[in-house]
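The values are calculated or read from the model by the stated rules, or taken from the named source; none is laboratory data. What you see is a predicted model, and the numbers here were worked out from it, not measured in a lab. Here the Cβ positions follow ideal geometry from the backbone for every residue, glycine too, while neighbour counts run over all protein chains shown. Note: areas computed on protein heavy atoms with side chains; ligands, DNA, RNA excluded. Shrake-Rupley method; radii C 1.70, N 1.55, O 1.52, S 1.80 Å.
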Amino acid sequence: MSDNGIKTTRSRRALKLVGLCALALVTAPAVIPTFGREKKGNDVIIAPRVPTADRASGNRVFLERADVLTKSDNDSFMVLNGNVEFTKGPMFMYCDSAHYYPDTESMNAFGNVRMEQGDTLFVYADELDYNGTTELAILYADPGKKVRLINRDVMLETDEFIYDLYADLGYYNVGGVLTDKQNRLSSHEGEYVPSTKEANFYINVHLNSRSETDTLDIFTDTLYYNTGTHIAELYSPSEIINARGTIYTRQGVYETDSDICNLYDRSTVVTNTNQTLTADTIYYNRRAGYGEARGGMVLTDTAKKVIMTADYGYYNELADSSFATGRALIKEYSEGDTLYLHGRYIETFARHDTISFDADTVAGTPAGERIDTTHIAVIYPRVRFYRSDLQGICDSMRMTEADSTLRMFVNPVIWSENRQIFGNVIELHFNDSTVDRARLPEFGFTAEHIEDEYFNQISGKEMVAFFENSEMRHLDISGNVEIIMYPEESDSTINKLVSAQSSFLSADFKGRTTEKIKMWPETTGAATPLFMARKSLFYLAKFKWFENIRPLSPDDVFVVPDEMEAIMVGLGRKPAEPEVNATIVSPDISDLSAGTSDLSSQPDND
């Protein structure tokens with residue numbers, strides 16, 4: 001073929017390629033720029049010239065520039081090389097090279113891929129696949145590198161990032177990390193919306209505080225997070241670990257800036273000081289060390305072996321105080337047998353006392369002051385408690401750790417087996433959570449049910465009782481001592497009543513048996529056969545037997561009988577007066593009136 005023939009053939013091919021390009025321009029005139037043409041071999045090299053079309057029109061893809069654009073007859077895409085730039089609305093995309101599909105406004109971009117929107121959003125990758133129909137961009141990173149999305153102070157890194165430009169939503173499912181000024185979040189799957197700063201994370205989610213002065217770790221499988229507010233929302237079993245302890249929840253909102261969280265669905269807060277708080281709903285301020293609970297609250301102190309339950313309560317960790325109400329109950333289980341204690345309100349707090357001390361010349365230490373801290377619990381009103389070996393009621397109660405003493409106020413009553421003690425105030429001293437001493441400083445009355453209508457009774461101005469294994473072993477009374485006793489005969493029968501009065505009394509007990517009673521300095525009294533004694537002699541003037549308001553089970557501590565209510569508001573019945581014409585048959589009690597008397601050594605008088 002002649003040179004002229006070769007030239008003609010090449011010219012036809014060039015015209016054909018130009019025709020294809022012209023067709024493309026007709027089908028997408030607002031997208032494809034016009035081109036200058038240059039022949040190179042069998043291809044036409046087209047140099048783009050930027051058109052003047054409105055770039056915001058229809059939010060479509062525009063090819064803004066490329067150093068070199070080539071198009072093969074057999075390909076549906078254009079090959080772009082060198083400083084490639086596209087726009088789509090406010091979004092710019094840059095790369096080293098690309099395959100561009102004009103018909104669908106799609107592309108494959110390679111090398112130094114960069115997407116920019118204003119001065120706030122940047123995405124960096126090594127490869128990009130963009131589908132113009134779905135407006136879905138998939139960005140890839142070369143081995144050892146990461147796709148990076150940067151939105152102001154937020155950065156998201158992953159191996160493969162999918163960006164839905166239509167929805168302004170980016171997501172990954174091959175593992176990724178999002179960081180902002182406050183936190184670092186990693187997960188297997190994640191979603192991020194740059195415009196609203198909202199993010200969702202799924203599977204093996206870990207939120208970690210970036211603060212150098214604080215610690216916070218959240219582990220879960222479903223977490224919503226806002227990079228603007230730094231608030232995390234949890235929707236699956238989660239573990240929150242910080243310097244003060246650990247939180248377990250299935251649903252909650254955690255404000256990481258302020259360390260405040262609202263927890264739902266029976267969440268639990270565990271402190272480093274062995275306290276555990278569980279409830280339907282919990283408000284917890286970590287910095288303030290303050291927790292507020294509603295619905296089935298359970299506060300457990302494993303060190304002290306105490307559980308407090310209520311409908312509502314709060315715990316102040318820094319102040320070491322707590323409050324509970326609404327079926328409030330304390331369960332103390334240090335001795336194996338559990339004590340159940342109820343009052344309408346239960347408060348605990350720490351008291352700090354300043355103690356001054358003198359100089360120690362021997363040790364060479366100067367005088368000074370120290371702070372002693374003790375814990376106090378206050379329960380009120382209508383207090384009731386139950387343990388299998390001990391029950392009681394009062395209107396208010398105060399437990400002080402410093403002296404291990406429980407003080408009961410306003411008509412307190414205590415029962416132990418068939419014995420009852422009541423007075424104006426009762427003080428119980430504990431030794432290793434067991435009562436070893438009871439003191440009634442203003443007035444005391446103890447009664448022991450023998451059988452039927454017979455009760456051993458002792459009354460006095462001040463009473464101190466000593467216990468062993470929850471049984472009263474010894475009793476001391478000072479002032480205005482009065483007794484009524486039913487001593488057993490050798491055959492264990494009861495056939496007489498002994499009454500006596502004195503200033504002081506000392507008695508020893510063993511089980512249900514009164515072993516010895518000593519009264520001094522002067523004693524008066526009488527012994528009366530039962531068949532001759534009127535009922536008015538059976539009881540001391542201040543005798544009362546409160547068995548009908550005694551707690552009989554753990555659940556019974558929540559039941560306040562009407563008679564107890566009447567007693568607590570001062571409406572209780574007055575003690576029965578003895579009959580004036582009582583007949584008293586007096587045995588020989590010359591020893592009783594002569595000074596110190598030992599009733600246990602008195603002869604029987606039938």
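May I ask you to verify whether GLU448 is modelled with pLDDT of 90 or more and either buried (at least 17 other Cβ atoms within 10 Å of the Cβ) or of a type in the set (Lys, Arg) (or both)?
Criteria met by GLU448.
Which numbered condition trips up ASP508, out of (1) under 50 Å from the mean Cα position of the chain (by Cα); (2) within 15 Å of GLU453 (Cα to Cα); (3) open to solvent by 50 Å² or more (accessible area, probe 1.4 Å)?
Every listed condition holds for ASP508 apart from (2).
I need the full set of residues from the range 220-235 which are surrounded by 15 or more Cβ atoms within 10 Å (Cβ to Cβ) and out of contact with any Phe, Trp or Tyr (no Cβ under 6 Å at 6 or more places or on another chain), in order please. It would help to see each step written out before you state the result.
Residues of the range 220-235 that are surrounded by 15 or more Cβ atoms within 10 Å (Cβ to Cβ), as a first pass: 220-227, 230-235.
Listed by number, the residues that qualify are THR220, ASP221, TYR224, TYR225, ASN226, THR227, HIS230, ILE231, LEU234, TYR235.
Quickly run through the range 421-461 and pick out the residues that are of a type in the set (D, E, K, R) and closer than 30 Å to ALA303 by Cα.
GLU427, ASP432, ASP436, ARG437, ARG439 - these are the residues of the range 421-461 that are of a type in the set (D, E, K, R) and closer than 30 Å to ALA303 by Cα.
Would you point out which residue out of MET78, MET107, MET91 is farther than 20 Å from LEU136 by Cβ, among the aliphatic types (A, V, I, L, M) and surrounded by 18 or more Cβ atoms within 10 Å (Cβ to Cβ)?
Values: MET107 fails: farther than 20 Å from LEU136 by Cβ; MET91 fails: farther than 20 Å from LEU136 by Cβ.
None of the others qualify; the one that does is MET78.
Residue check: is TYR235 of a type in the set (Phe, Trp, Tyr) and within 19 Å of ALA288 (Cβ to Cβ)?
no
Just a yes or no: is a residue in the range 354-369 open to solvent by 70 Å² or more (accessible area, probe 1.4 Å), within 27 Å of LEU263 (Cα to Cα) and either out of contact with any helix residue (DSSP H, G or I) (no Cβ under 6 Å at 6 or more places or on another chain) or at pLDDT below 85 (or both)?
No.
Conditions tested, residue by residue: (1) open to solvent by 10 Å² or more (accessible area, probe 1.4 Å); (2) touching a Ser or Thr at 6+ places or on another chain (Cβ under 8 Å).
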site	(1), (2)
ARG152	yes, yes
TYR163	no, no
VAL174	yes, yes
THR179	yes, no
SER186	yes, no
GLY190	no, yes
ASN204	yes, yes
ASP214	yes, no
ILE218	no, yes
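If you go through the range 112-126 one residue at a time, do you hit one that is assigned to a strand (DSSP E or B), over 49 Å from the mean Cα position of the chain (by Cα) and either surrounded by fewer than 16 Cβ atoms within 10 Å (Cβ to Cβ) or at pLDDT below 95 (or both)? It would help to see each step written out before you state the result.
The initial filter retains those residues of the range 112-126 that are assigned to a strand (DSSP E or B), namely 112-117, 121-126.
Adding the requirement that they be over 49 Å from the mean Cα position of the chain (by Cα) leaves 112.
Okay, now just the ones that are also either surrounded by fewer than 16 Cβ atoms within 10 Å (Cβ to Cβ) or at pLDDT below 95 (or both), so 112.
Checking the range 112-126: at least one residue is assigned to a strand (DSSP E or B), over 49 Å from the mean Cα position of the chain (by Cα) and either surrounded by fewer than 16 Cβ atoms within 10 Å (Cβ to Cβ) or at pLDDT below 95 (or both).
Can you tell me how many residues in the range 488-505 are open to solvent by 70 Å² or more (accessible area, probe 1.4 Å) and either closer than 16 Å to PHE455 by Cα or hydroxyl-bearing (Ser, Thr, Tyr) (or both)?
Result for the range 488-505: 3.
Give me the strands (runs of 3 or more DSSP E) completely within the range 423-471, filtered to those with at least 1 residues that are free of Cβ contacts under 8 Å to residues at least 24 places away in the same chain and in contact with a Ser or Thr (Cβ under 6 Å, 6 or more places away or on another chain), ordered by residue number.
Qualifying strands (runs of 3 or more DSSP E): 425-431, 462-468.
Only one of these conditions is not met by PHE538: (1) closer than 30 Å to PHE385 by Cα; (2) of a type outside the set (D, E, K, R); (3) open to solvent by 30 Å² or more (accessible area, probe 1.4 Å). Which number is it?
(3)
Do we find that ASP259 is surrounded by fewer than 24 Cβ atoms within 10 Å (Cβ to Cβ), at negative phi, at pLDDT below 95 and among the acidic types (Asp, Glu) in this structure?
No, not satisfied.
Taking the condition within 13 Å of GLN457 (Cβ to Cβ) and touching a His at 6+ places or on another chain (Cβ under 9 Å), does ALA507 pass?
Criteria met by ALA507.
Of the conditions (1) closer than 18 Å to PHE467 by Cα; (2) outside any loop (DSSP other than H, G, I, E, B); (3) open to solvent by 10 Å² or more (accessible area, probe 1.4 Å), MET399 satisfies every one except a single condition; which number is it?
So MET399 meets the others, but not (1).
For a quick check of your reading: which strands (runs of 3 or more DSSP E) sit entirely within the range 240-300 and have at least 2 residues that are farther than 23 Å from THR325 by Cα and more than 9 Å from the chain's Cα centre (by Cα)?
The strands (runs of 3 or more DSSP E) meeting that bar are 245-249, 251-255.
Okay, residues lined up against (1) part of a strand (DSSP E or B); (2) free of Cβ contacts under 8 Å to residues at least 24 places away in the same chain:
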site: TYR192; (1), (2): yes, no
site: SER195; (1), (2): no, no
site: PHE201; (1), (2): yes, no
site: HIS206; (1), (2): yes, yes
site: SER211; (1), (2): no, no
site: ASP214; (1), (2): no, no
site: ILE218; (1), (2): yes, no
site: TYR224; (1), (2): yes, no
